[in-house]
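The values are calculated or read from the model by the stated rules, or taken from the named source; none is laboratory data. For clarity, every value in this text was computed on a predicted model and none was experimentally measured. Here the Cβ positions follow ideal geometry from the backbone for every residue, glycine too, while neighbour counts run over all protein chains shown.
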């Protein structure tokens, strides 16, 4: 009975995910593909121009991930537990704390070594008085505000979709946060290898190489998630109208 119930629950989750993230049309897919490439190319331009540095990229990714997580979870508080996606973690709160602690320890060690390639800007950052002055000097306030605004629009869409269709509540952040987590975990290793390969010949180019590798992993993570959405979650015969079609018909 429990196995059948679990199978039924998994099927409901798959249907909810397909309805919330339908296979995009060619025009929408082309636009999203262009946005991913253009945004990362622009960040690389800012790096080459000396306006963004490795520590800025890392801080932006971390802060954006935290911001998106908060925006994604707060609206779920008033939603009935029966309408939320089931929790797949069976290890309890202790296991979550241990996993989070290990992840923070791992990331702290990797980034403390990897960001040595940007020691010049880390020293400059240390000269600013107070946490707010340091944060402002990273030049990431405007991108975070833009990302937060888009996330709020997504939350409104999530609520609208859920109230219109019912069923399970699926947050749009499920697609937005995954590439950022992959980047946070994988990018520092690749970036450190590329950066330290040039640090003796040219420290300035080492910073560009580190940032370029970081942005390459970021772009590949975003494109990989986008490709999975396009081909990994095809529309099923039992699927209702897509979000866009429902909005047009409403």
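Results for (1) touching a strand residue (DSSP E or B) at 6+ places or on another chain (Cβ under 9 Å); (2) within 19 Å of residue 30 (Cα to Cα); (3) crowded, with 19+ Cβ neighbours inside 10 Å, shown as yes or no for each residue.
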{"residue": "160", "(1), (2), (3)": "no, no, no"}
{"residue": "180", "(1), (2), (3)": "no, no, yes"}
{"residue": "190", "(1), (2), (3)": "no, no, no"}
{"residue": "203", "(1), (2), (3)": "no, no, no"}
{"residue": "223", "(1), (2), (3)": "no, yes, no"}
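Of the numbered conditions (1) at pLDDT 80 or above; (2) in a helix (DSSP H, G or I), residue 95 satisfies every one except a single condition; which is it?
That leaves (1) as the condition not met.
Given (1) within 18 Å of residue 136 (Cβ to Cβ); (2) free of Cβ contacts under 8 Å to residues at least 24 places away in the same chain; (3) part of a helix (DSSP H, G or I), identify the lone condition not met by residue 74.
(1)
Since residue 153 meets every condition but one in (1) closer than 30 Å to residue 102 by Cα; (2) out of contact with any helix residue (DSSP H, G or I) (no Cβ under 6 Å at 6 or more places or on another chain); (3) modelled with pLDDT under 85, which condition does it not meet?
Going through the list (1) closer than 30 Å to residue 102 by Cα; (2) out of contact with any helix residue (DSSP H, G or I) (no Cβ under 6 Å at 6 or more places or on another chain); (3) modelled with pLDDT under 85, residue 153 breaks only (1).
If I filter the range 77-92 down to residues being out of contact with any strand residue (DSSP E or B) (no Cβ under 8 Å at 6 or more places or on another chain) and in a helix (DSSP H, G or I), which single residue comes out as modelled with the lowest pLDDT?
My answer is 92.
Given the options 133, 126, name the one that is in a helix (DSSP H, G or I) and modelled with pLDDT of 85 or more.
The conditions single out 133.
Every residue in the range 97-119 that is under 14 Å from residue 184 (Cβ atoms) and surrounded by 13 or more Cβ atoms within 10 Å (Cβ to Cβ), please.
Scanning the range 97-119 gives 103, 107, 110, 111, 114, 115.
For residues that are assigned to a loop (DSSP other than H, G, I, E, B) and more than 23 Å from the chain's Cα centre (by Cα), tally how many sit in the range 166-201.
Number of matching residues: 7.
Please give the number of the condition residue 122 fails out of (1) closer than 24 Å to residue 221 by Cβ; (2) surrounded by 12 or more Cβ atoms within 10 Å (Cβ to Cβ).
With (1) closer than 24 Å to residue 221 by Cβ; (2) surrounded by 12 or more Cβ atoms within 10 Å (Cβ to Cβ) applied to residue 122, the lone miss is (1).
List the number of the failed condition for residue 207; all other conditions in (1) more than 22 Å from the chain's Cα centre (by Cα); (2) closer than 15 Å to residue 24 by Cα; (3) modelled with pLDDT of 85 or more hold.
Looking at each condition in turn, residue 207 falls short on (2).
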